Number of protein chains: 4
Amino acid sequence: MGVGVSVSKYVVECQRIFEASGLNHDMHSYGTNVEGEWNAVMATVKQCHEKMHEMGAPRCTSSLRVGTRSDRDQSMQDKIDSVYQKMQI
Amino acid sequence: MGVGVSVSKYVVECQRIFEASGLNHDMHSYGTNVEGEWNAVMATVKQCHEKMHEMGAPRCTSSLRVGTRSDRDQSMQDKIDSVYQKMQI
Amino acid sequence: MGVGVSVSKYVVECQRIFEASGLNHDMHSYGTNVEGEWNAVMATVKQCHEKMHEMGAPRCTSSLRVGTRSDRDQSMQDKIDSVYQKMQI
Amino acid sequence: MGVGVSVSKYVVECQRIFEASGLNHDMHSYGTNVEGEWNAVMATVKQCHEKMHEMGAPRCTSSLRVGTRSDRDQSMQDKIDSVYQKMQI
């Protein structure tokens, strides 16, 4: 907020941060999915906020949905695969 | 909520509703992006909630981010393209 | 987005729209809870987006969490009461 | 997810975690606002996820909106006050 209407140059910097993080990530048209351990993911999101402020944005808001599960490993791709597989039946 | 831990069969039904809607949509690993006029999009999301209840889910929660712009047309793809284009520079 | 860093005058107009709607609503420091039938609530949120554009905001993003339940009536207040009651035990 | 339809006992435990954290927090009917330094807030949210799993929830999803600003201090109460003040004019 406070940097005008076009924000793609800010999104670019966040993408670079996600790439540098080594975390598995996947940008879509309204956000980016990131997978990893809690602390690593949150540290990366924090870096994005810090970068936005450094670039001159006085306010920065993120909308995060954070999912954890304790019953089994499940990757981002597993979730997609599970839906597509069921759709073919 | 109230239907156990595996929800992919519910996601499948939502995907079918989005496909039947004729709206441009794109499922990713933590949601689905949909593009169209406000009323058409919201009617489709409502259908998803109704279907979840019909399938036996007593509670259904959606987390929506809704973006509208009045200055120009911009598709979901335009946004992605804009970021990737800047990343190559 | 695109209207600077202070947005309280926009929030004020949204509050006025919620008040005029006749829906039960409750503003907190990071949003407003609204309770009612799906169509009435969504029509009111749409009015907010339209007003933001009218006031000159070229882009408007809302982050909505939408909860429906088919098993019983439950007001916003019921949910709060249920938690506070359990905390006293 | 995976713990049935009534979740207030889980909300109660999260409230206890926020209270123990020493962070300024405010529960409303669809979430809790928390204010503080990034690391302290995120560590507290992480504790909530861990507690949910400990209590037997196999999957836990949070929907967070995270706002940071670099231009000035602003408390949760300041934001509310700013809106109410403008509404009285």
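The values are calculated or read from the model by the stated rules, or taken from the named source; none is laboratory data. Computed from a predicted structure; not experimentally measured. FYI the Cβ positions are ideal-geometry reconstructions off the backbone, even for glycines, and counts take in every protein chain you see. Surface accessibility is based on the protein's heavy atoms, side chains included, excluding ligands, DNA and RNA. Shrake-Rupley method; radii C 1.70, N 1.55, O 1.52, S 1.80 Å.
Do you know which of the residues in segment D:69-86 that are open to solvent by 40 Å² or more (accessible area, probe 1.4 Å) and hydroxyl-bearing (Ser, Thr, Tyr) is farthest from A:ARG59 (Cα to Cα)? Ranking the qualifying residues of segment D:69-86, first place goes to D:TYR84.
Sort out which residues of segment D:37-72 are within 14 Å of chain C (Cβ to nearest Cβ) and either of a type in the set (Gly, Ala, Ser) or under 24 Å from A:GLU54 (Cβ atoms) (or both), and write them in order of number. Hits for segment D:37-72 are D:VAL41, D:SER62, D:SER63, D:LEU64, D:ARG65, D:VAL66, D:GLY67, D:THR68, D:ARG69, D:SER70, D:ASP71, D:ARG72.
Any chance segment B:52-68 includes a residue that's free of Cβ contacts under 8 Å to residues at least 60 places away in the same chain, within 30 Å of D:SER6 (Cβ to Cβ) and open to solvent by 80 Å² or more (accessible area, probe 1.4 Å)?
Within segment B:52-68, one or more residues are free of Cβ contacts under 8 Å to residues at least 60 places away in the same chain, within 30 Å of D:SER6 (Cβ to Cβ) and open to solvent by 80 Å² or more (accessible area, probe 1.4 Å).
When restricted to residues that are buried (at least 16 other Cβ atoms within 10 Å of the Cβ) and of a type in the set (D, E, K, R), segment C:34-51 contains 3.
Does C:TYR10 fit the bill of being crowded, with 16+ Cβ neighbours inside 10 Å, of a type outside the set (Val, Ile, Thr) and more than 8 Å from every other protein chain (Cβ to nearest Cβ)? Taking the combined requirement at face value, the residue satisfies it. The residue that is surrounded by the most Cβ atoms within 10 Å (Cβ to Cβ), among those in segment A:14-31 that are touching a helix residue (DSSP H, G or I) at 6+ places or on another chain (Cβ under 9 Å) and closer than 14 Å to B:ILE80 by Cα, is A:CYS14.
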